[in-house]
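Data first, discussion second: the structure below is written as structure tokens.
Read the figures in this text as sums done on the coordinates, not as results from a lab. Here the structure is a predicted model, which means the values were calculated and not measured. Note: ideal-geometry Cβ built from the backbone for every residue, glycine included; neighbour counts use all protein chains shown.
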Amino acid sequence: MADPERPATTDEYLARVSAGLCLPEPYAGDVRDELAAHLADATAALIEEGLTQEQAEREAIARLGSPEVLANGLRRAQQTRRRLLAGAGGGVWAAAGHGIGGTILGYGLLMTVTLVIAVLGAALNRFIRLDWSLDPSVPYQAWTTALAAGAMSVGAFLGARRAVKATATRSLRSVREVGPWWALGGAIVLGIWVLFILRMPLGWPAVGAELLIPVSFAAGATIMIERPGPRIRMRHILLAAVVGFVLPVIVLFGASAQGETTQGAVEGPYASVEEMWRAQGFDLMGRRPPDDVAGAFRDVGYSADDGLVTPFVEVAPAIDLVGWHDLRFEAWRRSSGDISPDPNFPMPFATAPAELVGTRLQATLRVDRTPGVSFYSLVLTGVGPDGTRYVLSGPSGGQTAFVGTIWEWFAAQ
């Protein structure tokens, strides 16, 4: 009686061996062809010995043993450690190349979408007064980071797909077997990079876009990985570079040539200087000083470099600061329209004591470590003899953004 578990024909045997090989083409096909030729030769030899065609075929199959065991042995013989290491190296190289090309391609695509949305938003705002303005609490630098991170997500997705296919081809493994390992390793490496190493101007859109990079890599290494992916060619990169880098310059140049300047705030008239002071919201920072004291603080300016701001105020030599103390420079949040402080934040987000250097009061403040600050006002304040804090000089405006890693951004919330 025939064994129901044993294949009865050569085709059945080869099918079961092929199912257990798990080798990519054309290697799996080569193994099948060699095995089919071996079975044909063995069957012909047995027929010459007097067996029938069916008996010879069964005997040739029986001599090879279990198709699963044979497939496992053939697969192990092909999938050596050396080929695995070569596949890993080839995958890294492929991921880097397609990752860079995919990032350029993604930047061009996202820039095109951004420009289309901007034009559509301007048209809707003009005809139906629909405001498509970006969140004013997010610095423009953070939107730039979000755009760059979105482009890198496209590069991560395409780079992961190419890495999996390159590793599978060189190591003679299937993409289903290789893909999860690439997804896990790439997500961990890129996750550590975006969380703890990558320092960029951040806001909530930038944080979300950066966190999408490792997710995109894992998705590219696993989702529909058996389907052939797009191949990035030089003409695609050149087209994306033209769209992503040249077209925005032309559009911005045209917009600046045709744009109009508008004032965001309405001034006065005010009955008194004190009324103007209160109307502008400056009383949140301190009271207006007496005229003789205010006139003693002359030239005002500041320098900014890498998130550090160094304001200075020239002080008249004849000024008598006896009784004045706790002189300090303060940085206050403000809206984009004017230099008035934001009434939702009653305290400065950065302060530094003022030091007298010659005839100049100066200090150094770091203004890029507070999330949510886009615009700020610098003032010099001091506590007078009456115990009241006065604004001695300023305000003067500036623009900033939180710069750091995602981990630092969350820690500073």
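Within the stretch 12-30, which residues have the backbone N less than 12 Å from the label spot 7 Å out from ARG83 along Cα→beta-carbon, could you tell me?
Those under the cut-off are 21-30.
If we count other beta carbons within 10 Å of each Cβ, what is the order of THR388, THR112, fewest first? Working shown, then result.
Values: THR388 11, THR112 15.
Ascending Cβ contact count within 10 Å gives the list THR388, THR112.
Using only the Cα atoms, what convex hull volume per residue in Å³ does the stretch 10-78 have?
70
Give me the net charge of LEU308's neighbourhood, meaning all other residues with Cβ under 14 Å from the Cβ of LEU308; Lys, Arg count +1, Asp, Glu -1.
Taking every Cβ under 14 Å from that of LEU308, the sum is -1.
How large is the convex hull of the Cα atoms of the stretch 274-411 per residue, expressed in Å³ as a whole number? Could the numbers behind the result be given before it?
Values: hull volume 15.5 nm³, N = 138.
Per residue, the Cα convex hull of the stretch 274-411 comes to 112 Å³.
For labels at THR144 and PHE196 in the simple 7 Å Cα→Cβ model, what's the distance in nm?
Taking the simple label geometry, THR144 and PHE196 are separated by 2.9 nm.
Sort the following peptides by mean Cβ neighbour count (other Cβ atoms within 10 Å, averaged over residues), highest first: 205-213, 184-192, 150-158. Intermediate results must be reported in sequence, preceding the final value.
Numbers: 205-213: 21.0, 184-192: 16.6, 150-158: 26.0.
For the peptides 205-213, 184-192, 150-158, the packing ranking is 150-158, 205-213, 184-192.
Roughly how many whole Å is it from the C-alpha centroid of the stretch 189-208 to that of the stretch 68-104?
Cα centres, the stretch 189-208 to the stretch 68-104: 29 Å.
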